[in-house]
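The block underneath contains the structure these notes are about, expressed in structure tokens.
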Amino acid sequence: MIIRLYHKWAEAFSGKMNIYAADIDKTTKAAGAYSVSGIPTLVFFKDEDHYEKFIGETSKAYLKQKLEELLKK
């Protein structure tokens, strides 16, 4: 389950970035604001600006690479 991966990354990147998960059935306003059209949807931000969005299945290796790139910017 992908939520376990988020929790793992939240620990691994602790102090460097924040990782949040939201239930779109309970946070419909946020889902609308970020145009969530599929599950899972990952939205990356840098300095409060929208950086990149992934919808659906994406490989763990690719996502981790993107997180590491985001930290370097």
**Complete:** Farthest towards the positive end of the dipole of the chain, among Phe44, Leu71, Gly56 and with Cβ unit charges of +1 on Lys and Arg and -1 on Asp and Glu, lies the Cα of Leu71
**Asked** So what J values fall out for segment 30-41 if you push phi through Karplus, 6.51 cos²θ - 1.76 cosθ + 1.60 with θ = phi - 60°, rounded to Hz, Gly and Pro as x?
**Response** 5, 4, x, 4, 9, 6, 6, 10, x, 10, x, 10
**Prompt:** Where the only charges are on Cβ atoms (+1 Lys, Arg; -1 Asp, Glu), what is the dipole of the chain about its Cα centre, to the nearest 20 debye?
**Reply:** 180
**Message:** Using amide H atoms built in the peptide plane, which far-off residues or other-chain residues are under 5 Å from Lys46 H to H?
**Reply:** Tyr51
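Using a probe of 1.4 angstrom, how much of the accessible area of the chain is carbon and sulfur, in percent? If you can, show how the numbers build up before the last one.
Values: 2920 of 5740 Å².
Roughly 51 percent of what the probe reaches on the chain is carbon or sulfur.
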**Item:** Rg and Dmax [Cα atoms of the chain; Å; Rg one decimal, Dmax integer]
**Value:** 12.1, 33
**Prompt:** To the nearest Å, what is the center-to-center distance of segment 34-69 and segment 14-29, using C-alpha atoms only?
**Reply:** 12
**Request:** Step through the residues of segment 63-70 one at a time and calculate ³J(HN,Hα) from phi using the Karplus curve (6.51 cos²θ - 1.76 cosθ + 1.60, θ = phi - 60°), rounding each to whole Hz and writing x for Gly and Pro.
**Result:** 5, 5, 4, 5, 4, 5, 4, 4
**Residue-count net charge about Lys46 - beta-carbon cut-off 15 Å; Lys, Arg +1, Asp, Glu -1** = -1
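Does segment 14-54 classify as rounded, prolate or oblate by the C-alpha gyration tensor (a ≥ b ≥ c root eigenvalues; a/c under 1.5 gives rounded; else a/b over b/c gives prolate, otherwise oblate)? Don't jump to the answer; show the numbers that get you there.
On the way: a/c = 1.98, a/b = 1.58, b/c = 1.25.
Judged from the Cα gyration tensor, segment 14-54 comes out prolate (a/c at least 1.5, a/b above b/c).
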**Residue-wise HN-Hα coupling along segment 17-26, computed from phi with Karplus coefficients 6.51, -1.76, 1.60 (Hz; x: Gly, Pro)** = 7, 10, 10, 10, 10, 9, 8, 5, 6, 9
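The values are calculated or read from the model by the stated rules, or taken from the named source; none is laboratory data. Since we're looking at a predicted model, the values are computed, not measured. Cβ atoms come from the backbone with ideal geometry, glycine included; neighbour counts cover every protein chain shown. Ligands, DNA and RNA are stripped out before the accessible areas are found, and what is left, the full protein with its side chains, is counted by its heavy atoms. Shrake-Rupley method; radii C 1.70, N 1.55, O 1.52, S 1.80 Å.
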